[in-house]
Structure formats: C-alpha cells, structure tokens
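Asks: Quick one: the structure is below, and I'll ask about it shortly.
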Amino acid sequence: MNFNLPKIYPITDTRIAKISHAAQVQKLIAGGAEIIQLRDKYAAPKDFYEAAKAALAIARRRGVKIIINDRADVALALEADGVHLGQDDLPPDRARKILGERAIIGFSTHNLEQAVAAIKLPINYLAIGPVYATHTKENSEETVGIEGVKMVRDAVGDFPLVAIGGITMENFRDVFRAGASSAAIISDLLRNADVISDKMQKLTSARQIVDK
C-alpha cells in the first residue's frame, strides 16, 4: 500500500489563491509539483467536479498526480489518482473498495492514537496535524507541534507521513527534522498567485530540502 511521497505536497485553495484550481495546478506544476491535492470546502459538488475536471486535464498532460480531498465520488467519476479522507469522511476501507487497489488513499489524523490506528487501514499515507496554528480550516483540531510529529514518526515506523497545518517557507525544514516524509503547504504557498511557481520551485530545490 505504501508509495513514495514527494517532499512537498501542495494543496489548492481558491479562497486563498483567488484563482481557479486549474490555474493553481498549472502554476504548481511549473514549480515542480509531482502530486497535488485539490481541496474545496465551499463549492457545490457539481462546481467542484467541473473545476477538478479542468485541473486534472492539465495534470494528466504533465504526468502529475491529482488527489481529491474528501470526495471519493468525484475521484471515482474523474478517475483521479486518489482521494484524501478526513476522520468524518467515508471510511478508507470503503473508499478502497470503490476506487480499487491502484488508487492513492490518504487519511488525516490529529493525534498519536489516530495515527497508530490509521496504519492498519488500507491507505497509502497518513497526515498528522495541524502541526502549527492554521486558518485554512475552520474548527481546526489542537496543534500537535513538532514533538507530536516526532512521536507519530516513532510510532508508525517508516509509514509515509505528511505533516500539515501552519507550515511555511520558514519552518518547513523543521517537520523533516522531526521525521515527516512530506510537508503540505497551503497559505504561505498560495497567498500571492503571482509567485506560486517561484515559491514551489524554491521548496522543491534539493538544496532546501532536509533529508531525514
């Protein structure tokens, strides 16, 4: 079930970037993104489907993987590369039956207990967070901090682990030092659409990534 996560895992957000998912995907790919999650908590299902369809078409041409946040139905309808599920979404075992063995399935966890339970599920990676305070998600869970990332890494062994929540251009190296496989960056990457590609390129530069 495991797969190799890229070091940087960007997630789209139209409210922050103020451009479409497709436009964000284009800019992120130009900066070197290998996998991109499409997330939209506010769009109507049909609108999100159409937006994701346009974004996926761009990604397909460039060989970049697209993960759909929350909506296994949209991922199935579009034949996207996978889905990322939260604690209150469709259970991962059901999503696996719907999407098949080749689909990438990620799962959000917010504490050590959830993370330990997650590695027994049919998922490809788990996310832990929020690491730091974040404003990209309403009713966010309590922060786990760098120590929380370290504890989860120790508990889950070499299972692919994405750190998420409040991660910036300034602090992203810390989550790698704590044991994360990948860092999900949203606000600090997207808030100025004009420099998304430049920021993504800096983040993916080998000189800026701290190897575990």
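For every residue, the table says whether it meets (1) farther than 19 Å from ILE35 by Cβ; (2) at pLDDT 95 or above.
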| residue | (1), (2) |
| --- | --- |
| ARG153 | yes, yes |
| PHE159 | no, yes |
| PHE176 | no, yes |
| SER181 | no, yes |
| SER197 | no, yes |
| MET200 | no, yes |
| THR204 | no, no |
| GLN208 | no, no |
| ASP211 | no, no |
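Asks: What are the residues in the stretch 161-170 that are crowded, with 16+ Cβ neighbours inside 10 Å and either under 14 Å from TYR125 (Cα atoms) or at pLDDT below 95 (or both), if any?
Replies: LEU161, VAL162, ALA163, ILE164
Asks: When you go through ARG71, ARG15 one by one, which is the residue that is of a type outside the set (Ser, Thr, Tyr) and surrounded by 22 or more Cβ atoms within 10 Å (Cβ to Cβ)?
Replies: ARG71
Asks: Next question. When the residues of the stretch 147-160 are filtered to those that are of a type in the set (D, E, K, R) and either under 15 Å from ILE119 (Cα atoms) or touching a Ser or Thr at 6+ places or on another chain (Cβ under 7 Å) (or both), which remaining residue is surrounded by the most Cβ atoms within 10 Å (Cβ to Cβ)?
Replies: Across the stretch 147-160, the extreme among qualifying residues is ARG153.
Asks: Tell me whether the stretch 132-141 contains one or more residues that are modelled with pLDDT of 95 or more, crowded, with 17+ Cβ neighbours inside 10 Å and closer than 29 Å to ARG191 by Cβ.
Replies: Taking every residue of the stretch 132-141 in turn, at least one turns out to be modelled with pLDDT of 95 or more, crowded, with 17+ Cβ neighbours inside 10 Å and closer than 29 Å to ARG191 by Cβ.
Asks: I need the full set of residues from the stretch 1-29 which are in contact with a strand residue (DSSP E or B) (Cβ under 7 Å, 6 or more places away or on another chain) and either free of Cβ contacts under 8 Å to residues at least 12 places away in the same chain or not in a helix (DSSP H, G or I) (or both), in order please.
Replies: PHE3, LEU5, PRO6, LYS7, ILE8, TYR9, PRO10, ILE11, THR12
Asks: Ok, one more. Only one of (1) surrounded by 14 or more Cβ atoms within 10 Å (Cβ to Cβ); (2) basic (Lys, Arg); (3) farther than 19 Å from MET169 by Cβ; (4) over 15 Å from the mean Cα position of the chain (by Cα) is not met by LYS27, so which one is it?
Replies: The failed condition is (3).
Asks: Condition check: assigned to a helix (DSSP H, G or I), of a type in the set (A, V, I, L, M, F, W, C), free of Cβ contacts under 8 Å to residues at least 60 places away in the same chain and farther than 21 Å from LEU203 by Cα. Does ALA54 satisfy that?
Replies: Considered against the rule, which asks whether it is assigned to a helix (DSSP H, G or I), of a type in the set (A, V, I, L, M, F, W, C), free of Cβ contacts under 8 Å to residues at least 60 places away in the same chain and farther than 21 Å from LEU203 by Cα, ALA54 comes out as yes.
Asks: Going through the stretch 91-115 one residue at a time, which ones are among the aliphatic types (A, V, I, L, M) and surrounded by fewer than 16 Cβ atoms within 10 Å (Cβ to Cβ)?
Replies: The one that is among the aliphatic types (A, V, I, L, M) and surrounded by fewer than 16 Cβ atoms within 10 Å (Cβ to Cβ): ILE98.
Asks: Then there is this: Taking GLY32 as meeting all but one of (1) under 18 Å from the mean Cα position of the chain (by Cα); (2) under 22 Å from ALA95 (Cα atoms); (3) small (Gly, Ala, Ser); (4) not in a helix (DSSP H, G or I), write down the number of the exception.
Replies: Among (1) under 18 Å from the mean Cα position of the chain (by Cα); (2) under 22 Å from ALA95 (Cα atoms); (3) small (Gly, Ala, Ser); (4) not in a helix (DSSP H, G or I), the lone unmet condition for GLY32 is (2).
Asks: While we're looking at this one, here's another question. I need a count of the residues in the stretch 65-82 that are assigned to a loop (DSSP other than H, G, I, E, B) and either modelled with pLDDT under 95 or of a type in the set (Asp, Glu) (or both).
Replies: Total meeting the criteria: 3.
The values are calculated or read from the model by the stated rules, or taken from the named source; none is laboratory data. Remember, it's a predicted structure, so these values are computed and weren't measured experimentally. Please note: Cβ atoms are built from the backbone with ideal geometry, for glycine as well, and neighbour counts cover all protein chains shown.
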